[in-house]
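Reading through the structure tokens given below for one structure.
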């Protein structure tokens, strides 16, 4: 019997620099890029609070987990949930395209119903039971 190696820890992300994963590194790199752009475009008095806010958001998005999933997945799920309607009402109306599809579809005739067999008459059933009980010694054609 062959032995196979079963991978363990498939849900653990690869670490690239110490405890920092690739995903966290890319998020922080994008965050530092945004901070650098704000440094070049803004004056110092406006840059410092924006840089602190951007750094905080970058740290939260890259390192915080909610219910075991990364924070950016949580934000994505939150926005999708908020976009959905709160009240769901079923009002099924056929669209024009659906009506055209139903009109174009060929009407298939149902398969013919097979004819029903006549139920065995009581006397015939009694004869068959008698044949089975006697082990074939009784032959109904002999007594007909």
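Taken together, the values in this text are just the output of simple stated rules run on the coordinates, not laboratory data. None of these values were measured; they are calculated from a predicted model. Cβ: placed from backbone, ideal geometry, glycine included. Neighbour counts: every protein chain shown.
Values as computed for the structure displayed
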| read-out | value |
| --- | --- |
| Peptides ranked, highest mean first, by Cβ atoms within 10 Å: ranges 67-77, 51-61 | 51-61, 67-77 |
| Helix 71-83 vs. the chain, principal-axis angle (Cα, 0 to 90°, nearest 10) | 60 |
| Rg and Dmax of the chain, Cα atoms only, in Å | 38.7, 119 |
| Full-stretch length increase - residue 33, residue 4 - with 0.36 nm per residue and alpha-carbon distance subtracted | 5.9 nm |
| Label-point gap, in nm, between residue 23 and residue 131 - each point 7 angstrom along Cα→Cβ | 7.5 |
| Reciprocal mean inverse distance between Cα atoms of region 15-83 - Kirkwood radius, Å | 13.3 |
| Stretchable slack from residue 74 to residue 48, in nm (0.36 nm times residue separation minus alpha-carbon distance) | 6.6 nm |
| Additional length obtainable on full extension of the chain from residue 41 to residue 100, 0.36 nm per residue less Cα span | 15.5 nm |
| FRET efficiency estimate (nearest 0.05) - Cβ-Cβ, residue 12 to residue 60, R0 22 angstrom | 0.55 |
